[in-house]
1. Quick query: amide H of Asn445 versus all other amide H atoms, modeled in the peptide plane; which residues come in under 5 Å with a sequence gap of 5 or more or a different chain?
2. Gln554 to Asn911: extension gain in nm, 0.36 nm per residue of separation minus the Cα-Cα distance?
3. Using only the Cα atoms of the range 790-861, build the gyration tensor, take square roots of its eigenvalues as a ≥ b ≥ c, and label the shape rounded, prolate or oblate: rounded if a/c is under 1.5, else prolate if a/b is larger than b/c, else oblate.
4. What FRET efficiency, computed as 1/(1 + (r/R0)^6) with R0 = 22 Å and r the Cβ-Cβ distance, is obtained for Phe301 and Gln338, rounded to the nearest 0.05?
5. Want the number for His290 to Glu315: 0.36 nm per residue separation, take away the alpha-carbon distance, what's left?
6. Where nothing but the Cβ of Lys and Arg (+1) and of Asp and Glu (-1) is charged, how large is the charge dipole of the range 803-852 around its Cα centre, in debye to the nearest 20?
7. What is the sum of charges around Val571, taking Lys and Arg as +1, Asp and Glu as -1, for the other residues whose C-beta is under 12 Å from the C-beta of Val571?
8. Choose one of Thr361, Tyr277, Leu308: the residue whose Cα lies farthest towards the positive end of the charge dipole of the range 228-361 (beta-carbon charges +1 Lys, Arg; -1 Asp, Glu; about the Cα centre).
Amino acid sequence: MRKNKLAHSGHRAFGAAILLFLTFAHSVYSQCAGADNTITVCDKYGDISNKTFDLFANLNGMPTPGGTWSTPNAADLNALDINTGIVNLWRINRFGEHEFTYTNDNCNQSATITLFLGGYAGEDNIDGSANACSDHPAVNLFSFLGSNVDEVIPDFNGVWEEDPNTVTGFLNGNLFNAESAGPGEYIFTYTVPDFDSCPGMQSTVNLEVHKAPNPGIPSNLIVCTTDDLSGLTNLDLNDLLTNEDPNGVWSEVGTNQLDNLQDHFVNVEAINANHGYGNYSFAYSVEPPHPVCPVKSSEVFIIILPTLNGSMEAENYCSGTEYEIILEYDASLLPSGQYELGFSVTSTQGEQDSLTEITLTNGTGNFIVPESLVPINELVQINILGIIGIVPERIVCNDINVPPTEFLVSTPIASTENICPNNPVDINLQNILDLMANPTNESHNVNFTLTLPDNSVVNLSKPDVVFTDGSASFNIEAEQFQLSGSYTLEITVEDSYEIGCTINTGIQVLPIPEEIDLEIAVDNNCDATSIDVLVDAPTLPDGSYTIDYEVIEQNTQSTLTDNTINFMGGVAVYGIDIANLPDGDYIVLLKSTQNDSTPCRLQFEFELQEGFSIGGEPIVVEAEEQQSFCLNEGTPTLEDITVSTSGAIAFYPTAESQEALPMATLLEDGEDYYVSSTDQNNNCVSEERTRVQVSFFMAEVPTTINSTPVYCASDEITLADLDIATPNGGTIVWYDADEGGTMLDPTDPVVDGQSYFAAEQLAGFCESDTRLTIKPTVVQPPLPDLISDELLVCALDNPTVAELENLENFIEAEVEWFNVAEGGTALPSYELLEDDTIYYAQSYDGDTGCINTNRVPVAVDLNNCDPEKYGFFIPDAFSPNNDGRNDTYYIPNIEIIFPHFTLEILNRYGNSLFKGDVSNPAWDGSGPGGKTVPNGVYFYIINFNKEGHAPKQGRLYLNQ
């Protein structure tokens, strides 16, 4: 029985043990991230262990390794090793609350360390080492605080204040405006307040502002190379300054006038003699009373102006034209620009001065002499008096080396009379001068160009025309004047005084008078009963004239009647007898030969014929009943109605009206018109009139609310997209010109700054005669201009997008950055950069928001770290005793500074204990089998694998 009892008791104990083990295992797993904890650190610099504060060791509960650390504060991320949980408190330069979260993905749990960090205000600076210059508008007071220990710097979120005894009101945050405060001594306090259980701190800066040197306000000396400079052989340069400090020294380049640093006298006459005209610079420099201020300098110029060299040319002119003088000059002396020029005109009227503006360009310019200053037929002389530059005032010396020029103004005259066609013309010349500018009494060859009414041109010449007191006559043959109308004659007289204009006159050739008006009136031409001859000859002188007439049968061309009519000049009516003619088609033919004295009449023979019929048949008229017209092409007349017939047509307002409308009658919208046709052979008129109804279209100018719209190039706007309205609902047609031009396809893309012209079109043919002008602006910002397509920075500096902005050269657009090639959201300048990432610059127009969709890529490498700059060091000891401090052998920041490093740990026998790289940077002290190796000396080999950094070997001490 006892045996069984013991056995039962043993089973119960074993079951309890199993339950305890399962409960413990569940508790460990559920707290694999540990538990939250709050820690206060008041003096982060007092204990060196606070520099590398172990967050993992300060978690509550039972956290297990393998998780990662994070922080919501971007400024704290630089101080945190997200893998080990080591936070460098020396890099957290803001007192207050800081939060770090440990996350273990194995259990999907997190725990948070809340760190209350006390402040540090830096060390006092009251020993006279805080200095600033009085010309500095923003002195950073933080630059005077600090510590003798490297990396120990004051917190940034304290408060700067002026001492009440030296208050100025010129302190803004940590920046002091020494320029406004002026020289003096100023006291400032920097306070970091109490936080949690940590006391506040305060430091003091005694700042001395030193007076900036004043080199004075400079002025220049301007003289001319031709001036008498004997009074400037001992010029005191100090006279060219005002308000300068007296302790400065003068320097110069090129003239060798200053012998030493105390010399301030120069010989301007010698400078001109040895070096000629030019701008000679002298600098006055003043040393500062304290080295915190820079040396200041003022520059004065001794400007010796040159003498203008050049020449003038002038033609001889006809009076009434502009008298232009051409000036050519040494372009090296005067820049192109606008100047005032003084000149004189010398003639029998005396010497008269004048002032004018002149534009000089690359060595040449021209000006106009007023007509009022120049007498006729007299040589006048032009002299340049001076040139004044509008900016600056004086450009060259008042002495001008431009020889004078001469010219003469004359009034040669050519005249003639009107003629009839095919007649010679007499040309009279007056006021022609010989080579000495006197009225000529010599013989000259006269050349002339004759322009006919049809714009054709004939070049002719008359040799040895004799002149008396400048006058002569010659004639042009009749064969040159066959056309009636206006002729133009341009004349040149050889070996005469050359005048810069053309001698010309007009010649009017009268038109030949109209022929005598004969008319045949047939009563009812289609079935004639009588024929009258109407004579209208009002220009004939009184007398007796004869007209012969014949009546001819059209089919046989036989003459049936042959007779004459006698009439007096003026208007007359005579009848022709056709009573006995059989049915058929006939022609009555009138002939007349006259002899009268009407001016310019050349036609004296007349002939007229008229067809008529006896028992004739009318012809058919065909025309579309509805015809449309476009009023934009002008108001249509009866002549614009389309009619198909072999005879002459006439229009009537009604089907029965007897009086035909004039063919020039303007059409009216919606009106009916009736057309008939007359056979020209027999004058038979169509029996029925054909009705034509007309309708009008009137296209109007399209309208828009914005004739200068602005579009983005990325929108790919076409002509069809432009906001245009038509008053009549017609079609929009586009052209490349305001008138005429080429019609454009509405799918054509809109081009920046190009004008387009829109017309309304109705019924497919009627367009508005005025076009709407649209001049779009298509905004295409220029591509970003970057100094490099690669950015090399160090991750330890927490580089942000602002570093990318430093790559930008100036363009006429704004630039924003993305981390995707297309789409995405623009990155803020404070966002941290990511390693091995391509960033993209995109430009946009700040006024319109238009973007250039083409982005410029930049590759970012965050491993460009200088070890010396970041205090890179290799530890020589560690203690893997699981006390949460220095438990692994880890080289700080090696994975950032040397991302391709390898680390090997060897024992004293050369056996390899550990191989590490960026993915496994820390040795936990274990050897083969995973057990911690004994205390002692071990050896490391580091291959940095970075150009310029050789591998390094050393020893380390392991102490548990």
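1. Excluding prolines and chain starts, which carry no amide H, the hits are Asp464, Val465, Glu494.
2. The span from Gln554 to Asn911 would gain 114.6 nm if fully extended.
3. Details: a/c = 2.06, a/b = 1.76, b/c = 1.17.
Prolate is the answer for the range 790-861, as a/c is 1.5 or above and a/b outweighs b/c.
4. 0.40
5. 2.0 nm
6. 100 debye
7. Counting the neighbours of Val571, the net charge comes to -3.
8. The Cα lying farthest towards the positive end belongs to Tyr277.
Every number here is computed from the coordinates shown, using simple stated rules; none is lab data. Computed from a predicted model, the values in this text were never measured in an experiment. Methodologically, a virtual Cβ is constructed for each residue, glycine included, from the backbone with ideal geometry; neighbour enumeration extends over all protein chains shown.
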